[in-house]
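Below: the structure, in structure tokens.
Read-outs throughout are calculated quantities, based only on the coordinates presented, and are distinct from any laboratory measurement. A quick note: this is a predicted structure, and the numbers were derived from the prediction, not measured. Counting neighbours? That spans all protein chains shown, and the Cβs are built from the backbone with ideal geometry, glycine included.
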Amino acid sequence: MTPLDKPLRRELSVNDTTYTLVIDPTGLKLTEKGRRRGVELRWVDLVNGDAGLAAALQASTDKE
């Protein structure tokens, strides 16, 4: 296996909207292309089963 030691960036489209996905050693971040804010998920939250809680908490604190 290749270790994940630096950020990996990919572009994807969902419902005709383009997003940037960054995967790094701490977790992943999905942002709408051209924006800075997005959804972040840490690997530790995913492994512990707290992914839904972490995403909901972040969504409640991110008011644009």
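Here are some notes:
- Counted charge near Glu11, where neighbours are those whose Cβ lies closer than 14 Å (Asp, Glu -1; Lys, Arg +1): +3
- Spin-label model, Thr18 to Met1: label points 7 Å out along the Cα-to-beta-carbon direction sit 3.2 nm apart.
- Model label points for Val47 and Glu11, set 7 angstrom from Cα along the Cα-to-Cβ axis, are 3.3 nm apart.
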